[in-house]
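Comments concern the structure below.
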Amino acid sequence: MKVLKCQSALEYLLTYSWAFLILAIVLYIFYEMGLFSSFGLIPTSCTTSLDYYCENPIFLPNGNLSFTLTEYLTPLIYNVNVFISPENSTFNLNGFPETIYNCTPSNTYMYSTEPQNFTCTIPSYNGAKIGTLFSGNLWINYTLNPNSPPIHTDKIGSINIRVE
């Protein structure tokens, strides 16, 4: 009788150990995908002030973040530079972030209501895992005169995006 109880206990452990092993593998896969992070509930967003519109953000594992930006402020702005700063970036004495990533194309013009595509390279995210979150702020630098350097610098929005 004692042998039967030991055999029954051993069968019980072997049967359920496979189930626990499979469950542990599934949970590890979910963890690697970032489903258990606190950012898992934050959707991809690119929000801007009323004078601008940001759409179609895409963030690739090579660190390239691209989006489409439309300006509604004035009919034409010149010498446009678009930047992204990480959310945790410190600011200098002028109120501009210390860490910025330039977006291309720069030094161009933008017509009002005509969308323009921008791509920013964020080197620290090169090789990032799919699902890694980037949160930052969008900045624009421009002028109203084609012959003068950019003098208007504004924080125009924020972006929360995951590596796809």
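The values are calculated or read from the model by the stated rules, or taken from the named source; none is laboratory data. Note that this is a predicted model, so its numbers are computed, not measured. Note: ideal-geometry Cβ built from the backbone for every residue, glycine included; neighbour counts use all protein chains shown. Heavy atoms of the whole protein, side chains included, go into the accessibility calculation; ligands, DNA and RNA do not. Shrake-Rupley method; radii C 1.70, N 1.55, O 1.52, S 1.80 Å.
Some points to look at:
- Taken over region 63-86, the residue count meeting the criterion of being farther than 20 Å from PRO149 by Cβ and not in a loop (DSSP other than H, G, I, E, B) is 10.
- Residues satisfying the stated conditions in region 43-62, i.e. outside any strand (DSSP E or B) and open to solvent by less than 60 Å² (accessible area, probe 1.4 Å): SER49, PRO61
- For the residues LYS155, LYS129, the requirement of being over 30 Å from GLU32 (Cβ atoms), basic (Lys, Arg) and either open to solvent by 40 Å² or more (accessible area, probe 1.4 Å) or more than 15 Å from the chain's Cα centre (by Cα) (or both) singles out LYS155.
- Near pairs, Cβ below 6 angstrom, 6+ apart or cross-chain, from region 130-151 (over 17 Å from VAL82 (Cα atoms)) to any residue that is among the small types (Gly, Ala, Ser): GLY131/GLY34
- Checked against (1) touching a residue at least 40 places away in the same chain (Cβ under 8 Å); (2) open to solvent by 40 Å² or more (accessible area, probe 1.4 Å); (3) in a strand (DSSP E or B), PHE118 meets all criteria but (2).
- Within region 88-115, tally of residues that are part of a strand (DSSP E or B), under 19 Å from GLY157 (Cα atoms) and open to solvent by less than 70 Å² (accessible area, probe 1.4 Å): 6
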